[in-house]
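Take a look at the structure below.
The values are calculated or read from the model by the stated rules, or taken from the named source; none is laboratory data. Keep in mind that this is a model prediction, so the values were computed, not measured. Here the Cβ positions follow ideal geometry from the backbone for every residue, glycine too, while neighbour counts run over all protein chains shown.
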Amino acid sequence: MRHPLPQEVPAPRRYGDAVQLPPVTSWHRRLLKHPRLMHYNRLAAAVLVVNLAAVLVRGFPEDPRTLGHAALANLALAIVIRQQYVINLLFRLATWAPVSWPLKARWTLGKVYHFGGLHVGGALAGTCWFLALTVSITATGEGGAAVLAVSYALIALLAVIVATALPPFRARFHDRFELIHRFGGWTALLLFWAHTLLLARGPGEPGIWVLAGVTFSVALPWLRLRKVDVAIERPSSHVALARFDHGVTPFAGSSTAISRSPLKEWHSFANVPSPGRPGFRLTISRAGDWTGSFIDDAPERVWVKGITTAGVANIETLFSKVVYMATGSGIGPCLPHLLAAEVPARLVWATRDPRKTYGDRLVDEILAVQPDAVVWDTGKDGKPDMVRLAYAAYRDFGAEAVICISNKKLTWQVVHGLERRGIPAYGAIWDS
């Protein structure tokens, strides 16, 4: 049965400029919501402060092995915090809080997806400690020429990894960043093994055990690597709906990384499992060379790493009601939560000609579970003011939070626009 688009689809005049936004909060509360003070940056700063505090309390260590342990501990944090099972654990711990907890506490717990700040803080602190270690062994000559050679090679490699991970380079040359991060990271791990073994005093050296754990963490996703069949449906030249059924039914709100060439590049997409049905789907929209090639030259098989990872929208269970704001293919990460209906939700979806772009079957599936959805056809009504649209849905539905799945610029407009007015809002950051 074909579901008509909701009759209450808002006209721009009703849900646009006519919506009166609430006033912004006090200046000190707005300051904490500033982009430069987002939780990602706070966590990175916290790691650096903890390291600095250790130096102020205990003094700067002179023993090269102590410097090495400090470097390795921070770099281990940077690596392990990005491991898929660790990420899933962080989300599980953060979302254990019941909705009876104060909203401020749940608001903060919902920022769990900013865990990448720990990765950045650990990487920067670890690099600084290793630089100090290299200066120390250069001055003392401990370990001989072999240790010095490995040390300088590691410093050069860590500097390249850090520099190419900075937002300007990463945004402009993402494929190169990914290759440098992957192969550079593997090479750095091998060099750390060589460095640690050269300085080790015996098999009980703590650094050896830390490296063993880090190496296992890095290898684990690749041990789950496999090539699987995929069925592709193309409702339009803009979108591919990829269906997988290889014995895995991921949890709602997770993502799967797929690749046509596993050593070159990986792309993550939200899993869309259907309740009571095995397998899952991915919604892949044309957003670059790789996705364009995937749509135009649909593969019969692709590589998957086999570890599904929790995504931003999993924080929905912290709230009694939520509003999902999606633009275009952002509907993909929202759909599994709407189908699971674990939390009462209201969908606001702005996209161009939804039936023509995504097909009747997908649109009908959405409307079957969200009959009151606000579907804004940007081809007919133009681009809406998403902040006002989000607030109107939040107000009318009586929601506690808004989750926005869109491009980086628009996501931040919605999240910052609402949070500076005292409304909990969430959306993927550039390092999610």
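Scoring Q84 on the criteria (1) within 23 Å of V210 (Cβ to Cβ); (2) at pLDDT below 95; (3) more than 15 Å from the chain's Cα centre (by Cα) leaves a single failure, condition (3). Residues in region 157-172 that are part of a loop (DSSP other than H, G, I, E, B) and touching a residue at least 24 places away in the same chain (Cβ under 8 Å): A165 alone.
Restricting the first member to region 273-295 and to residues that are at negative phi and of a type in the set (D, E, K, R), and the second to residues that are part of a strand (DSSP E or B) and surrounded by fewer than 21 Cβ atoms within 10 Å (Cβ to Cβ), the beta-carbon pairs closer than 7 Å and six or more apart or on different chains are R281/L241; R281/R243.
Residue check: is I137 buried (at least 19 other Cβ atoms within 10 Å of the Cβ) and either farther than 28 Å from Y426 by Cα or without any contact (Cβ under 8 Å) to a residue 12 or more places away in the chain (or both)? Yes; evaluated as a whole, the condition is true for this residue. Only residues that are touching a Lys or Arg at 6+ places or on another chain (Cβ under 8 Å) and buried (at least 16 other Cβ atoms within 10 Å of the Cβ) were counted across region 208-231, and they come to 2. Hey, among the residues in region 362-396 that are in a loop (DSSP other than H, G, I, E, B), buried (at least 17 other Cβ atoms within 10 Å of the Cβ) and not small (G, A, S), which one's modelled with the highest pLDDT? Out of the qualifying residues, it is Q370. A single entry from L90, L72, L77, L52 fulfils the requirement of being in a helix (DSSP H, G or I), touching a Leu at 6+ places or on another chain (Cβ under 9 Å) and at pLDDT 95 or above: L77.
Run S285 past the list (1) surrounded by fewer than 19 Cβ atoms within 10 Å (Cβ to Cβ); (2) within 24 Å of P354 (Cβ to Cβ); (3) hydroxyl-bearing (S, T, Y); (4) out of contact with any Asp or Glu (no Cβ under 9 Å at 6 or more places or on another chain) and report the number of the one that doesn't hold. Condition (1) is where S285 drops out. Across region 338-361, the number of residues qualifying as surrounded by 17 or more Cβ atoms within 10 Å (Cβ to Cβ), of a type outside the set (G, A, S) and assigned to a helix (DSSP H, G or I) comes to 6.
Listed conditions (1) of a type outside the set (D, E); (2) outside any strand (DSSP E or B); (3) not assigned by TED's automatic domain parsing to the domain that holds W186 are all met by V214, apart from (3). Is there a residue being closer than 30 Å to W266 by Cβ, among the hydrophobic types (A, V, I, L, M, F, W, C) and part of a helix (DSSP H, G or I) anywhere in region 138-151? Checked region 138-151: at least one residue is closer than 30 Å to W266 by Cβ, among the hydrophobic types (A, V, I, L, M, F, W, C) and part of a helix (DSSP H, G or I). Residue count for region 217-267 satisfying the condition of being of a type in the set (S, T, N, Q), farther than 21 Å from A313 by Cα and not in a strand (DSSP E or B): 3.
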